[in-house]
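The values are calculated or read from the model by the stated rules, or taken from the named source; none is laboratory data. No experiment lies behind these values; they were computed from the predicted model shown. So basically every Cβ, Gly included, is an ideal-geometry build from the backbone, and we count neighbours across all protein chains shown. SASA here: full protein model, heavy atoms, side chains in, ligands and nucleic acids out. Shrake-Rupley method; radii C 1.70, N 1.55, O 1.52, S 1.80 Å.
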Amino acid sequence: IHSKPELNKAFRNWKYEYQEEFLDFCTGVKGIKILYDSFFKEIMNPEYTPGRLSELISLLIGQNVRVLNVLPNDSTRIADETSLVIMDIVVELEDHSITNIEIQKIGYAFPGQRSACYSSDLLLRQYKRVRGENKNPKKKFSFQNIKPVYTIVFFETSQREFHEFPDTYVHRFKQTSDSGVKLELLQNFLFIPLDIFKSNIQNKNISSKLDAWLAFLCMDEPEWIIRVIEAYPEFEAMYRQIYEMCLNVERVMEMFSKELQELDRNTVHYMIDEMQNEINRMGSELQQRKEELEQKDEELQQSKEELQQSKEELQQSKEELQQKASKIEELMRRI
């Protein structure tokens, strides 16, 4: 690094903690964080090693699938909400269903609503493609050609909703009816809180291939790398590929710099999101206080009107008493 001015400059511009992290995985003290976008796509690239991502998706959704190709993931995104996303890839499976795999550094608020919107985006994207491919005017478009879509979200740090289930780290959702009637509604969701997985697996053995994959994605300690390889030797090829990547320090520095830029951007966006949430919360509290004050004003006005009414009634009673007193006095004179 110090032998090349451009590398030395880039290295010195990093925060100390990032310098240490980079040196740790380049020297083998720790493994690379596979969750980083550049490293994930390098190791899991379906173009060169299609079996890896296919196996991971198969284990998650519970059926054998094969990744056909990677699709552009900018399509009709509802908004630029990449602030907390550290990896995002959209793939088409062999049966032409679409899967979006996303890794979030910190879980977004309202994960269900957000994922539902992006799932709808994937579904609409597939619908447009199938309609566009139907060039034969005699052949009518059929909704039967629309295949399922899967939204798979990994969280490095998950939301409080998931921590209410501390022993579960894979959550699968699909739409069902309350009557028992079965319709294929196409949208499927999987949420994997990796922080909960780490706390669950810490003092246990790797008991399944899915556990091995999750450990591969989020555990970078050497002892865990050894445990994964001992349980499933086929992971050694991926760890070896990572090792060979690290031998090219210049290339890995470039990839790592890109990740750090994204992390810095994420941090700024996250702070903005947090500040906006705080502003929204304070605005809601102010609105609530305003409504309470208005209610009290109404109650005060009502009390004032009731007091005025009581005063008028009292005055009326006084006048009636005076009238009765006058009549009594008049009667007394007659006696």
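Going from the alpha-carbon gyration tensor of segment 282-327, what semi-axes, largest first and in whole Å, does one get by taking the root of 5 times each eigenvalue?
44, 4, 4
Keeping all protein chains in place and using 1.4 angstrom, which order do TRP14, TRP213 fall into by accessible surface area, from largest down?
Largest to smallest exposure gives the sequence TRP14, TRP213.
Taking R0 as 41 Å, what FRET efficiency do you get between ALA325 and LEU300 from their Cβ-Cβ distance, rounded to the nearest 0.05?
Calculated value: 0.65.
Accessible surface of ARG125 in the full protein assembly, 1.4 angstrom probe, to the nearest 10 Å²?
50
Counting each DSSP H run of 4 or more residues in the chain as -39500 (n - 2.57), what helix-only mean residue ellipticity at 222 nm follows after dividing by all residues, to the nearest 500 deg cm²/dmol?
-19500 deg cm²/dmol
Structure shown: which of LYS147/LYS258; LYS30/LYS198; LYS4/LYS41 lie over 25 Å apart, alpha-carbon to alpha-carbon?
LYS147/LYS258; LYS4/LYS41
For GLU164 and SER142, what does the FRET efficiency come to when R0 = 51 Å and r is the distance between their Cβ atoms, rounded to the nearest 0.05? It would help to have the intermediate numbers written out before the result.
Details: r = 42 Å, r/R0 = 0.82.
About 0.75, to the nearest 0.05.
Roughly speaking, to the nearest percent, how much of the chain's 1.4 Å accessible area is carbon and sulfur?
Ligands and nucleic acids excluded, carbon and sulfur reach 53 percent.
Keeping all protein chains in place and using 1.4 angstrom, which order do LYS30, LYS174 fall into by accessible surface area, from largest down?
My answer, sorted largest first, is LYS174, LYS30.
Averaging sequence separations of C-alpha pairs under 8 Å and six or more residues apart, then dividing by the length of segment 135-230, give the relative contact order as a whole percent.
Result for segment 135-230 is 29 percent.
Report the antiparallel proportion of the DSSP beta bridges in the chain as a percent, rounded to a multiple of 5. Walk me through the numbers before you get to the answer.
On the way: 15 of 30 bridges.
Among the beta bridges of the chain, antiparallel pairing accounts for roughly 50 percent.
Identify which of the listed values of percent of Cα pairs over 34 Å apart was calculated from the structure shown: (i) 45; (ii) 57; (iii) 27.
Recomputing percent of Cα pairs over 34 Å apart here picks out (i).
Over the chain, what relative contact order in percent results from Cα pairs under 8 Å that are six or more residues apart? Let's see the in-between values first.
Numbers: 354 pairs, mean separation 55.9, N = 335.
Rounded, it is 17 percent for the chain.
Relative to the first principal axis of the alpha-carbon coordinates of the chain, what is the inclination of helix 236-247, with its axis defined by its Cα atoms, in degrees from 0 to 90 and to the nearest 10?
That helix lies at roughly 90 degrees to the long axis.
Give the accessible area for LEU260 in Å² (nearest 10); use a 1.4 Å probe, count only protein heavy atoms, and leave out ligands, DNA and RNA.
Its accessible surface works out to 10 Å², give or take rounding.
Once the convex hull of the C-alpha atoms of segment 151-220 is built, how many Å³ does it hold per residue, rounded to a whole number?
122
Once segment 1-60 is represented by equal point scatterers at the alpha-carbon sites, with solvent omitted, what log10 I(q)/I(0) does the Debye formula produce at q = 0.15, 0.18, 0.22 Å⁻¹?
-0.63, -0.78, -0.92
Treat each spin label as a single point 7 Å out from the Cα along the C-beta direction, and report the GLN202 to TYR127 distance in nm.
Using points 7 Å along Cα→Cβ, the separation is 4.6 nm.
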